[in-house]
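Notes for the one structure printed next.
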Amino acid sequence: MSDTKLVNRLTICLGVEGTAHTIGVGIVSGSKILANVSRTYVPTKGGIHPREAARFHADKLKIVLEEALQKSNINLKQIDVIAFSIGPGLGPCLRTVATAARALAMRLEVPILGVNHCVGHVEIGRLTTGAQDPLTLYVSGGNTQVIAFESGRYRIFGETLDIAVGNCLDRFAREVGLPHPGGPQIEKLAAQANEYISLPYSVKGMDLAFSGLLTAASKEYYKTKKLPEICYSLQETAFAMLTEVTERALAHTGKSEVLLTGGVAANKRLQGMLRLMSEEHNANFLVVPFEYAMDNGTMISWLGLLMLQHGVRHTIEETAVRQRFRTDEVDVVWR
Amino acid sequence: MELIRKGAEANILLEKRNGEKIVLKNRIQKKYRVPQLDFVIRDTRTKGETKLITDARRAGVPTPIIFEIDRKNTTIVMQYIEGERLRELLEKLPDNQRAEICEKVGQQIGKLHNSKIIHGDLTTSNMIYSRDCIYFIDFGLGYYSLDIEDQGVDLLLLKRAFLSTHYKFADQAFEAVLRGYRKVLGRRAEAVINRTKEIEARARYVVERVTR
């Protein structure tokens, strides 16, 4: 296929996401989202088992793909390019998705692009909220990053030095016997609390750490059993830390938009705190719609399309997965 | 009184007293935090910063002189340092001069660490070049520790600040910092630098793995 056809406004890109517990397919044409379908693996007990999650992805990809095609009302032959999440993420999950993406691309004889999952979150955030040049707080079960665009790259201004905030919440929930997913349960319980219990607050410059907070909150639970109060205090402390590092990065970078994304973005209290902070600095606060804040295939297809239209091409050899692919390693040629 | 800077956590006000310029650093209330947490954070940082700034100067690191502390209003009154932040200065300097300054920064960090002081927010925005001296400011996230882990995190923050803000010369600049740091800390410096690499590898998505 000629390159002129590929950079056409109506180029159709199919993207497959599968870095962790969600297998998703998104289809984008131009800047129009045609379909966003996904399934999420829920462990029967404990956390995500990478191999089990990969098996889940392999099992569900067919139906997710069929649904996405049906929703967008196109057939496989109309697809111009395949994009997939090349990393960062869990090895077995990444390899499963990469294999499927390669098979699709070869079968359809279309180009294939491996895209960075974290950058995908930022780009779909810009597309769905209209943000131009935001400071992004990306918070999920696997990631906690404060990201801003600076000279051709998305630079990480702050990040967790140990576990992600979503992981902190999920593990606390598991520790005290709350059902999965933990975040919404904690948010609900926190609303019933009437006392703030002091917990360790760990901000290091623009970076932060959550494991001490998780340990302290768990200990407090075994000591007092005051679950709503601890949920409340855990949220207040963790989110104040996140808001503070975002505020520091905002003052440092001088950006005028704050964008919140990732699974934890659904939390109303976190949204409220960031909104207050943004107002104080005369910055516009934007939250990515839930469907696109969670891991999803659409962000992968959208980023793949952006890359394709700006001349990025990958050979099959270059589609080897990258478990530790950092946000700031990507050359952002489309901005 | 003139507001010269609206930082993330404090307003910086400039005032003239007896013909001399002074700075008021006022940690303002943050509406997004619960009041109990908010006051504890502002109070401990105000109190801590005052002591750390004084102790840092005793350790041989230039810092502004503290005149007053108003705990109720979480405000510190201190000397105004007229100069340029390293954040802007480093971008303008030729390689050799930049390296020289970075090495001096490393020496000063070494002096802090030798005196049990962890700065807690080492960025080039918190260093002011003035009269041939590099003043360290903003000790709000600082504390006292001789722990290698704490010193390692302190150094790592500066490395990360270089990577995000001075990406064009981040590696050389940080190398120069380490040269100065080694001069002051000697053998102990290696333990801290190795720990820095270890902490880095502990974070997410770092390619370089360190085996002990």
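In debye, nearest 20, what is the charge dipole magnitude of the stretch A:133-289 about its Cα centre with +1 on Lys and Arg Cβ and -1 on Asp and Glu Cβ, if you could check?
Values: 15 positive and 17 negative charges, 77 e Å.
Charge dipole, the stretch A:133-289, about its Cα centre: 380 debye, nearest 20.
Would you mind calculating the relative contact order of the stretch A:133-289 from Cα pairs under 8 angstrom and at least 6 residues apart, reporting the percent as a whole number? Write down the numbers at each step before the final one.
Working: 294 pairs, mean separation 42.8, N = 157.
About 27 percent, as a whole number.
Inter-label distance, A:Asp59 to A:Glu109: 3.6 nm, where each label sits 7 Å from its Cα along the C-beta direction.
Once the Cα-Cα distance is subtracted from the 0.36 nm per residue extended length, the A:Arg335 to A:Thr40 segment shows a gain of 103.0 nm. Listed by chain and number, the lysines whose C-alpha is less than 17 Å from the C-alpha of B:Lys72, apart from same-chain residues fewer than 8 away, are B:Lys25, B:Lys30, B:Lys47, B:Lys51.
When the stretch A:133-289 is described by a simple charge dipole with +1 on each Lys and Arg Cβ and -1 on each Asp and Glu Cβ, the residue from A:Gly262, A:Gly141, A:Phe239 located farthest towards its positive end is A:Gly141.
Can you tell me the dipole magnitude for the protein assembly as shown around its Cα centre, using point charges on the Cβ only (Lys, Arg +1; Asp, Glu -1), in Debye to the nearest 20?
Working: 75 positive and 63 negative charges, 138 e Å.
Charge dipole, the protein assembly as shown, about its Cα centre: 660 debye, nearest 20.
Extending 7 Å from Cα along the Cβ direction at B:Asn194 and again at B:Asp132 yields two label points whose distance is 3.9 nm. Could you work out how far apart the two model spin labels at A:Leu76 and B:Glu175 are, taking each label as a point 7 Å from the Cα in the direction of the beta carbon, and quote it in nm? For the pair A:Leu76/B:Glu175, the computed spacing is 5.2 nm. Each of A:Ser301, B:Phe174, B:Gly120 was scored by the projection of its Cα onto the charge dipole of the protein assembly as shown, and the greatest displacement toward the positive side belongs to B:Gly120; charges sit on the C-beta of Lys, Arg, Asp and Glu.
Under 20 Å of direct C-alpha separation, and excluding same-chain neighbours fewer than eight residues apart, B:Lys183 reaches these lysines: B:Lys104, B:Lys111, B:Lys116, B:Lys159, B:Lys197. For the stretch B:1-95, applying the loop criterion from DSSP together with a ceiling of 15 other beta carbons within 10 Å to the GluC sites (Glu not before Pro) yields B:Glu82. Look at the dipole of chain A built from charges on Cβ: of A:Ala209, A:Ala53, A:Leu274, the Cα furthest out on the positive end belongs to A:Ala53. The value of relative contact order for chain A, using C-alpha pairs under 8 Å at least six residues apart, is 25 percent. At a probe radius of 1.4 angstrom, the accessible area of the protein assembly as shown per residue rounds to 42 square angstrom.
Evaluate the charge dipole of the stretch A:1-124 about its Cα centre and quote only its size in Debye, nearest 20, assuming +1 on the Cβ of each Lys and Arg and -1 on the Cβ of each Asp and Glu. Numbers along the way, then the final one.
Working: 14 positive and 9 negative charges, 46 e Å.
Roughly 220 debye, rounded to the nearest 20.
For the interface of chains A and B, what total accessible area is buried with a 1.4 Å probe, rounded to the nearest 100 Å²?
Details: alone 14460 and 11830 Å², together 22890 Å².
Approximately 3400 Å², summed over both chains.
Net charge around A:Glu257, counting only other residues with Cβ within less than 13 Å of its Cβ (Lys, Arg = +1; Asp, Glu = -1)? Write out the running numbers ahead of the final one.
Details: positive: A:Arg126, A:Lys255, A:Arg275; negative: A:Asp133, A:Glu279.
In short, +1.
If you roll a 1.4 Å probe over the stretch A:259-335 with all protein chains in place, what percent of the accessible area is carbon or sulfur? Don't skip to the end; give the middle numbers.
On the way: 1590 of 3120 Å².
Carbon and sulfur atoms account for 51 percent of the accessible area of the stretch A:259-335.
Would any residue of the stretch B:77-116 have its amide N under 15 Å from a label point 7 Å out along Cα→Cβ of B:Ile65? List them or say none. Answer for this model: B:77-82.
Here B:Lys183 and B:Arg57 are evaluated by their C-beta separation; at R0 = 30 Å the FRET efficiency comes out at 0.90. The A:Lys32 and A:Glu317 beta-carbon pair, evaluated with R₀ = 35 Å, returns a calculated FRET efficiency of approximately 0.65. Electrostatic tally near B:Glu15: other residues with Cβ closer than 9 Å to its Cβ, Lys and Arg +1, Asp and Glu -1, net +2.
For the stretch A:24-32, backbone phi angles converted through the Karplus equation (6.51, -1.76, 1.60; θ = phi - 60°) give residue-by-residue couplings of x, 10, x, 10, 10, 10, x, 9, 9 Hz, Gly and Pro being listed as x.
For chain B, calculate the relative contact order in percent as a whole number, restricting contacts to Cα pairs under 8 Å that are 6 or more residues apart. Taking the mean separation of contacting Cα pairs over the length of chain B, I get 18 percent.
The values are calculated or read from the model by the stated rules, or taken from the named source; none is laboratory data. None of the values given here were measured: they were computed from a predicted structure. Neighbour counts are summed over all protein chains in view; Cβ atoms, including those assigned to glycine, are modelled from backbone coordinates with ideal geometry. Calculation scope for accessible area: heavy atoms of the full protein, side chains included, ligands and nucleic acids excluded. Shrake-Rupley method; radii C 1.70, N 1.55, O 1.52, S 1.80 Å.
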